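Just below is one structure, and these are the notes that go with it.
The values are calculated or read from the model by the stated rules, or taken from the named source; none is laboratory data. Predicted model, so just to flag it, every value in this text is computed and none were measured. All Cβ positions, glycine included, derive from the backbone under ideal geometry; neighbour counts span all protein chains shown.
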Amino acid sequence: MKIRAITIGQKIPYLIEDKELESVMEQSLSKFNAFNRDLTQQFNNIAIEVQSKRLCSQPILSYDQQLYARNLNETLTRIHEQLAILERIVSKYEFDYFASCAVLADEQIQKYGIYEKLLLNEIPAFIKRKEKFFSSLHVASTENGINLSALRSGAKIIKKLSEPDPFKNLNFCVSSNVAPDTPFFPAAYHIS
C-alpha cells in the first residue's frame, strides 16, 4: 500500500523582510520535518510507503494591506525572490512540493481588477522558474458564482505554461468549489 502524500497547511508571511521570512519558515518547517519523518517511519514500519510530502499556504493575493502598500512591480519582484527563498527552505526540510493559490477570485468578484490581472500574468513565470512550486486560480463556487475575468486569466496562464514544455501545466489548475485545506495539488490552499 502507498500513501500518495502527506500535506501540511502553513501560512506563509509573504512580503515581510527576507530574514524574517526565512526565520519563520525555518522554525515551522523544522517542526513539520520532524513530524513528517516520524510519521513516514511509522508507515514504513508497517510496509506503507509515503510517496511525497507537500506544503500548501494561503493565497498569494489575500488582500492584506502589505500588498497594496507597495507598487505592483516591486510586489511582483518580491514574490519572485521570496518564492526562491521558500523553494530552498522547502527543499532543505524534505518537502517535495509547495503550493500557494494565486487568488480566490470567486470570493473577490467586486475587488477583481487590474492589480489581480497583472499578478495573474506573472503566475506562469513563478511556476516556470521553480521546480517545486504549484499554484491555482479558484474562479467559481456555488456561493459566489463564476468570475469570468479570472476564468479568462486562467486560460491564458494554461496557454503560457504549455510552451515550451506542456507538462508545466501540471503545476497549475483553474478550480471551482475547492474548500480550504483540501490537500490535492495543485488546487490545495490553506486558510488560517
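Residues are listed down the side, and each one gets a yes or a no for (1) more than 21 Å from residue 153 (Cβ to Cβ); (2) modelled with pLDDT of 85 or more; (3) touching a Gly at 6+ places or on another chain (Cβ under 7 Å):
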| residue | (1), (2), (3) |
| --- | --- |
| 71 | no, no, no |
| 77 | no, yes, no |
| 95 | yes, yes, no |
| 99 | no, yes, no |
| 104 | no, no, no |
| 108 | no, no, no |
**Asked** Could you list, in sequence order, the residues of the stretch 144-172 that are in contact (Cβ under 8 Å) with a residue 24 or more places away in the chain and either surrounded by fewer than 13 Cβ atoms within 10 Å (Cβ to Cβ) or in contact with a His (Cβ under 7 Å, 6 or more places away or on another chain) (or both)?
**Response** 145
**Prompt:** For the stretch 122-141, does any single residue satisfy the condition of being free of Cβ contacts under 8 Å to residues at least 40 places away in the same chain and either in a loop (DSSP other than H, G, I, E, B) or surrounded by fewer than 17 Cβ atoms within 10 Å (Cβ to Cβ) (or both)?
**Reply:** no
**Prompt:** Can you name the residue in the stretch 24-53 that is touching an Asp or Glu at 6+ places or on another chain (Cβ under 7 Å) and not in a helix (DSSP H, G or I) and, of all such residues, is farthest from residue 12 (Cα to Cα)?
**Reply:** 52
